[in-house]
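Chemist: Pasting a structure below so you can have a look.
Any read-out appearing in this document is the output of simple, stated calculations on the displayed coordinates, not a laboratory observation. Bear in mind the structure is a predicted one, so any value in this text is a computation, not a measurement. Virtual Cβ from ideal backbone geometry, glycine too; neighbours counted across all protein chains shown.
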DNA sequence: CACTAATAGTTCAATGTCGAAACATTGGAG
DNA sequence: CTCCAATGTTTCGACATTGAACTATTAGTG
C-alpha cells in the first residue's frame with residue numbers, strides 16, 4: 001500500500017522495538033490481571049491499592065507518580081475506591097494541601113485475597129525467560145527508562 | 001507499613017521487572033508521542049492511522065488486533081477519525097460482515113507531516129542503548145511476548 | 001507583613017476502554 | 001435447504017484518562 005517514506009534500518013529497528021515492548025507487556029498483563037474481575041477491581045484500582053498496601057499511606061500526587069497517571073485521574077480512581085470503602089482520604093494537618101490516602105481493612109483483605117495468585121501468575125509468566133535473561137531484561141528496561149531524563 | 005506477605009526473591013524480581021517494563025515504555029512514549037497535540041490526534045487515533053498508512057486498508061477486527069484494543073473500542077476510535085474525514089469505512093462486498101477501513105488523503109497527509117519527527121525522536125530515545133543492547137531487548141521482549149500463547 | 005509563585009487537589013469536557021449483550025452475516029452440519 | 005455456531009460490528013453502562021481551568025493552601029521575596 002501507500003508507502004510514502006524510506007524507512008531506514010535504524011528506524012525499522014526502533015519501530016520493531018516499541019511494538020515488541022507493547023506486545024510483551026500486553027501479553028504479561030493479560031495473563032496476570034485478567035482475574036481482577038473476580039474481585040471486581042479495575043487495573044487502575046488494583047495498582048493504587050497495591051501501592052498503598054505495600055508502601056503505606058501516601059498523598060495523591062505521589063500516588064499518581066507511582067502509577068504513572070495524572071492527578072486528575074487519581075481523583076476519579078480514589079473516588080471509586082472510597083465509594084467501596086477500600087481506601088480513606090485524610091487531610092494532612094501540617095500542610096492542608098495534602099490528602100493522605102489510607103488503605104482500609106477491607107481494602108487490605110481484598111489485596112491479601114488476590115495477591116498470592118497474582119504473584120504466582122507473574123512468576124510463571126516470566127519463567128519463559130532464563131534467570132540470566134530476566135536479569136538482562138531488568139537491566140535494559142531500567143537503562144532505557146532512566147536514560148530519558 | 002503493613003507487610004502481610006513474605007515475598008520471595010523470585011517474586012520480587014518479577015514485580016521489579018513488570019514495573020521497569022512499565023516505566024521504560026512510559027518514558028519512551030512520553031518523549032515520542034507528546035507532540036501529537038500539534039496535529040490534534042490522540043495516541044489511539046495515531047496508532048490506527050499509522051497502521052492503515054503503512055499496511056493499507058484493513059477490517060476493524062484485524063485493526064483491533066494490531067493496536068491491542070477491543071473491537072468495541074475500535075468502533076469509537078474510528079467513529080472519531082471518520083468525523084474528521086481521516087478515514088473511510090467501506091462495507092466489504094464479498095463478505096458483508098466486514099468493514100474495511102481506508103485512510104483518506106487527508107489522513108495520509110497528517111501522518112506524513114508527523115512521521116519524520118516521530119521517527120527521529122524514536123531513534124533518539126533508543127540511542128541510550130548500544131546496538132547490541134537494542135538487539136537483545138528486541139529478542140527478550142519477543143520471547144516474553146510469544147511465550148504466553 | 002503583603003504579594004506572588006508554586007503546589008495539591010478538584011472539576012469539566014472530550015475521548016478512550018472494556019466486556020457483555022445485541023444484531024447482521026456467513027458457513028457448516030444434518 | 002434449514003438451523004445453528006461462528007464471526008464482525010455496534011451499542012451500552014461503567015470506569016479510565018488527559019489537559020486545562022479553577023480553588024485552596026503554603027512558602028518565599030521584598
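Chemist: Please report how far the C-alpha centroid of the range B:47-115 lies from that of the range A:65-86, rounded to the nearest whole angstrom.
Modeler: Cα centroid of the range B:47-115 versus Cα centroid of the range A:65-86: 33 Å apart.
Chemist: Then there's this: Put a point 7 Å out from Cα along the line to Cβ at residue A:89; what are the distances to that point in the other copies, in nm, shortest first?
Modeler: Counterpart label points of residue A:89 in the remaining copies fall at 3.9 nm.
Chemist: Right, next: If you build a Gaussian network model of chain B, linking Cα atoms that sit under 10 Å apart, which residue out of B:50, B:136, B:11 swings the most?
Modeler: Largest GNM mean-square fluctuation: B:11.
Chemist: For the range A:53-149, what class follows from the C-alpha gyration tensor (a ≥ b ≥ c being the square roots of its eigenvalues): rounded when a/c is under 1.5, otherwise prolate if a/b is larger than b/c, else oblate?
Modeler: Verdict is oblate for the range A:53-149.
Chemist: Computed FRET efficiency, Cβ-Cβ of residue A:92 and residue A:71, R0 22 Å: what is it to the nearest 0.05?
Modeler: Working: r = 16 Å, r/R0 = 0.72.
Once the sixth-power term is evaluated, E becomes 0.90.
Chemist: A further question on this structure: Normalising by the residue count of the range A:66-125, find the relative contact order in percent from Cα pairs under 8 Å and 6+ residues apart.
Modeler: 22 percent
Chemist: Please determine, in degrees from 0 to 90 and to the nearest 10, the orientation of helix B:71-83 with respect to the longest principal axis defined by the Cα atoms of chain B, where the helix direction is its Cα long axis.
Modeler: Relative to chain B, helix B:71-83 is tipped by roughly 50 degrees.
Chemist: If you don't mind, there's one more thing I want to ask. Run lengths n ≥ 4 of DSSP H only: what is the helix-derived mean residue ellipticity at 222 nm for the protein assembly as shown, with -39500 (n - 2.57) per run over all residues, to the nearest 500? Please list the in-between numbers first.
Modeler: Details: 12 runs with 194 residues, N = 298.
Theoretical 222 nm ellipticity from helices: -21500 deg cm²/dmol.
Chemist: Work out the P(r) tail for the protein assembly as shown: percent of alpha carbon pairs separated by more than 32 Å, whole number. Don't skip to the end; give the middle numbers.
Modeler: Working: 16118 of 44253 pairs.
Tail of P(r) above 32 Å: 36 percent of Cα pairs.
Chemist: Using a 10 Å cut-off around each Cβ, can you sort B:37, A:87, A:51 from fewest to most neighbouring Cβ atoms?
Modeler: Numbers: B:37 9, A:87 24, A:51 17.
Fewest to most other Cβ atoms nearby, the residues stand as B:37, A:51, A:87.
Chemist: For a quick protection proxy, order the peptides A:94-105, A:12-23 by their average other-Cβ count within 10 Å, most packed first. All intermediate terms of the calculation are to be shown ahead of the outcome.
Modeler: Details: A:94-105: 13.9, A:12-23: 18.2.
Listed from highest to lowest mean packing, they are A:12-23, A:94-105.
Chemist: Here's something else I'd like to know. With a ≥ b ≥ c taken as the square roots of the eigenvalues of the C-alpha gyration tensor of the range A:14-79, please select rounded if a/c is under 1.5 and otherwise prolate if a/b is larger than b/c or oblate if it is not?
Modeler: Because a/c hits 1.5 or more and a/b fails to exceed b/c, the range A:14-79 counts as oblate.
Chemist: Would you mind telling me which residue in A:117, A:72, A:107 has the biggest mean-square fluctuation in a Gaussian network model of chain A, where springs connect alpha carbons within a distance under 10 angstrom?
Modeler: Greatest mean-square fluctuation among the candidates belongs to A:72.
Chemist: Relative contact order (percent) for chain B, with alpha-carbon contacts under 8 angstrom and 6 or more residues of separation?
Modeler: Numbers: 102 pairs, mean separation 31.8, N = 149.
Computed over chain B, the figure is 21 percent.
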